[in-house]
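What follows is a single structure, written as structure tokens, with notes after it.
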Amino acid sequence: MEKIIVHGGQPLKGTVHIEGAKNAVLPIQAASLLASTGELILTNVPALSDVFMMNKVLSFLNVSVDFDRRVKSVTFNASKKVGFETPFEYVSKMRASIVVMGPLLARVGRARVAMPGGCAIGSRPIDLHLKGFEALGAKIEQHDGYIEASADKLVGANIYLDFPSVGATENIMMAATLAEGTTTIENVAREPEIVDLANVLNKMGAKVFGAGTESIRIEGVPALHGCEHSVVQDRIEAGTFMVAAAITHGDVLIADAIPEHNKPLISKLLEMGVEVREEQNGLRIIGPDKLMAANVKTAPHPGFPTDMQPQVSVLQLMADGTSTLTETVFENRFNHLNELRRMNAHFTIEGRSVALQGPTNFNGAEVAATDLRAAAALVLAGLVANGYTTVTNLKYLDRGYCDFHEKLANLGAEIERVDIDTDLKAVISKKSLKVI
Ligand SMILES: CC(=O)N[C@H]1[C@@H](OP(=O)(O)OP(=O)(O)OC[C@H]2O[C@@H](n3ccc(=O)[nH]c3=O)[C@H](O)[C@@H]2O)O[C@H](CO)[C@@H](O)[C@@H]1O
Ligand SMILES: C=C(OP(=O)(O)O)C(=O)O
């Protein structure tokens, strides 16, 4: 086990390169199950623990998986007979493994997946996924902690989602690719990762129309095949570095950033006084001397992304005055705030909203990540804190960020990732923190 130690106070300067998106690559990995011929070759694949876990799930299902980390590419071959069961061991470590259900149902007519529990940010039921499968003609049974979906054949249907769930949209869309006839799904998620998945499915021979809008139409085809695809850039990793630049009076170029994908964040940064420049090679973020308070409310895309909420709370805490932050997507996504309180943050939580009082003089402290984006938020606070901040529970950070401390160190942060037993005094006595 390891921990990150950061010595706050350095303005970040330079260029940062962003990986392929975790939330795009995971369902696309699952889509490999649909290709009964040929290989699915993915490039720009981030080396994240979630990606490795999904590869394990697919190997267990008899897909051949070959990850070449040097070139960030994975080749999947699912031409052999694939399995149908994903055990608890995998689902308990990564909820997103439930997105194999749709492809399995389409390819083998049967999917048995351990029931995903909730996680630190909410209870996260999968009722909408199951309703969609039922509408396509699947029978759903739940026993012994497992959900089993089965169908002799799937038939296209009209489906309306009560909430634009990302996972349900992906799962139902993938199930429908091989269904007989046409499926329409309304009130779907519109995230860029949905569009990336639909693009891959279409390259594999599927007929998916309308991804990125409120309604998706899928015309079923008899079979899908392999293809090549480069995974879309991770807008949440990009956004995290934008906030890092904004709070440290930094000047950082987010290489090849896609402004379209980060509109709500960019609009907030501008409102708070951050300079955002679209340049030929990316998006330049220049942190101001003084940040102005602004209110943020999360919502499904194109609203403000919940996956940027913990990071933006640090930005708001740095701003002059009181900012409110409202979380509408998950019922329990303020866990990071209790850790930030230990670093001198002041706030009042009322239901799903919090009033954050700035500007904060963050003090370095020992803090523990409670979930993925909480981990990022704690490191961000460490970048501007007086003294040293130690962040533990890095297994959460590693789910979604590759080489996070190295990228920050390259931008000038004093940050190290060390063994959990390393004494802080030993690190301080080295005088300057260097990347290990
Ligand atoms: C791997 C991946 O892509 N994860 C993302 C995905 O998660 P995920 O796909 O799990 O998120 P959803 O969009 O499904 O969930 C959003 C909300 O809908 C609720 N819900 C969802 C499904 C369902 O059947 N019933 C139901 O009530 C959830 O409990 C949650 O409150 O989208 C979230 C919302 O943008 C992001 O925070 C996650 O990073
Ligand atoms: C909540 C997140 O991911 P997941 O759905 O994989 O837990 C996230 O990426 O912030």
Just one listed residue, out of VAL312, VAL252, VAL274, is assigned by the TED database to the domain that holds LYS407, within 16 Å of ligand 1 (Cβ to nearest atom) and aliphatic (A, V, I, L, M), and it is VAL312
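Please work out which residue is surrounded by the most Cβ atoms within 10 Å (Cβ to Cβ), limiting yourself to the stretch 37-93 and to residues that are among the polar types (S, T, N, Q) and over 27 Å from ALA223 (Cβ atoms). Can you show your working first?
In the first step, residues of the stretch 37-93 are kept if they are among the polar types (S, T, N, Q); the result is 37, 43-44, 49, 55, 59, 62, 64, 73, 75, 77, 79, 86, 92.
Retained after the next criterion (residues that are over 27 Å from ALA223 (Cβ atoms)): 49, 92.
Details: SER49: 17, SER92: 14.
The qualifying residue surrounded by the most Cβ atoms within 10 Å (Cβ to Cβ) is SER49.
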Assess whether GLY9 counts as being more than 14 Å from ligand 2 (Cβ to nearest atom), surrounded by fewer than 23 Cβ atoms within 10 Å (Cβ to Cβ), in a loop (DSSP other than H, G, I, E, B) and at positive phi. yes
Taking the stretch 22-36 and the residues there that are surrounded by 20 or more Cβ atoms within 10 Å (Cβ to Cβ) and over 21 Å from the mean Cα position of the chain (by Cα), the one that is farthest from ligand 1 (Cβ to nearest atom) would be ALA35
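Take the conditions buried (at least 21 other Cβ atoms within 10 Å of the Cβ), of a type in the set (Val, Ile, Thr) and touching a Lys or Arg at 6+ places or on another chain (Cβ under 7 Å) and apply them to VAL296. Does it pass? Outline the logic, then answer.
Values: buried (at least 21 other Cβ atoms within 10 Å of the Cβ): yes; of a type in the set (Val, Ile, Thr): yes; touching a Lys or Arg at 6+ places or on another chain (Cβ under 7 Å): yes.
Yes.
Among the residues of the stretch 104-123, which ones are within 16 Å of ligand 1 (Cβ to nearest atom) and part of a loop (DSSP other than H, G, I, E, B)?
Taking the stretch 104-123 as the starting set, the residues that turn out to be within 16 Å of ligand 1 (Cβ to nearest atom) are 105, 111, 113-123.
Result: MET115, PRO116, GLY117, GLY118, ALA120, ILE121, SER123.
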Note on GLU19: of the conditions (1) surrounded by fewer than 22 Cβ atoms within 10 Å (Cβ to Cβ); (2) within 16 Å of ligand 1 (Cβ to nearest atom); (3) acidic (Asp, Glu), unmet is (1)
Listed by first then second residue, the pairs whose first member lies in the stretch 37-55 and is within 11 Å of ligand 2 (Cβ to nearest atom), whose partner is basic (Lys, Arg) and in a loop (DSSP other than H, G, I, E, B), with beta carbons under 6 Å and at least 6 positions apart or on separate chains, are MET53/LYS93
Flagged in the stretch 404-436 as within 15 Å of LEU12 (Cβ to Cβ) and at pLDDT 95 or above, in numbering order, are PHE404, HIS405, GLU406, LYS407, LEU408, ALA409, ASN410, LEU411, GLY412, ALA413, GLU414, ILE415
- Message: Whether any residue in the stretch 124-137 is near ligand 1 (Cβ under 9 Å from one of its atoms), modelled with pLDDT under 95 and assigned to a strand (DSSP E or B) is what I want to check.
- Response: no
Of the residues in the stretch 334-373, those that are part of a loop (DSSP other than H, G, I, E, B) and either touching a Pro at 6+ places or on another chain (Cβ under 7 Å) or closer than 28 Å to LYS425 by Cα (or both) come to ARG342, MET343, ASN344, ALA345, THR360, ASN361, PHE362, GLY364, ALA365, ALA369, THR370, ASP371
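Residue-wise test of (1) within 16 Å of ligand 2 (Cβ to nearest atom); (2) among the basic types (Lys, Arg); (3) buried (at least 22 other Cβ atoms within 10 Å of the Cβ); (4) more than 23 Å from ALA238 (Cβ to Cβ).
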{"position": "PRO305", "(1), (2), (3), (4)": "yes, no, yes, no"}
{"position": "GLN316", "(1), (2), (3), (4)": "no, no, yes, no"}
{"position": "ASP320", "(1), (2), (3), (4)": "no, no, no, yes"}
{"position": "GLU350", "(1), (2), (3), (4)": "no, no, no, yes"}
{"position": "GLN357", "(1), (2), (3), (4)": "no, no, no, yes"}
{"position": "LEU383", "(1), (2), (3), (4)": "no, no, yes, no"}
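Yes/no per residue for (1) surrounded by fewer than 21 Cβ atoms within 10 Å (Cβ to Cβ); (2) in a strand (DSSP E or B); (3) without any contact (Cβ under 8 Å) to a residue 60 or more places away in the chain:
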| position | (1), (2), (3) |
| --- | --- |
| PRO264 | yes, no, yes |
| LEU270 | yes, no, yes |
| GLY273 | yes, no, yes |
| GLU278 | yes, yes, yes |
| ARG284 | yes, yes, yes |
| ASP289 | yes, no, yes |
| GLN309 | no, no, no |
| ASN332 | yes, no, no |
Only one of (1) within 16 Å of ligand 2 (Cβ to nearest atom); (2) more than 30 Å from ALA369 (Cβ to Cβ) does not apply to PRO125, and that is (2)
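What do you reckon, is LEU136 in contact with a Leu (Cβ under 8 Å, 6 or more places away or on another chain) and more than 16 Å from ligand 2 (Cβ to nearest atom)? Break it down into steps so the answer makes sense when it comes.
Working: in contact with a Leu (Cβ under 8 Å, 6 or more places away or on another chain): yes; more than 16 Å from ligand 2 (Cβ to nearest atom): yes.
For LEU136, the condition - in contact with a Leu (Cβ under 8 Å, 6 or more places away or on another chain) and more than 16 Å from ligand 2 (Cβ to nearest atom) - is met.
The values are calculated or read from the model by the stated rules, or taken from the named source; none is laboratory data. Keep in mind it's a predicted model, so treat the numbers as computed, not measured. No Cβ is skipped: glycine too gets one built from the backbone with ideal geometry, and neighbour counts run over all protein chains shown.
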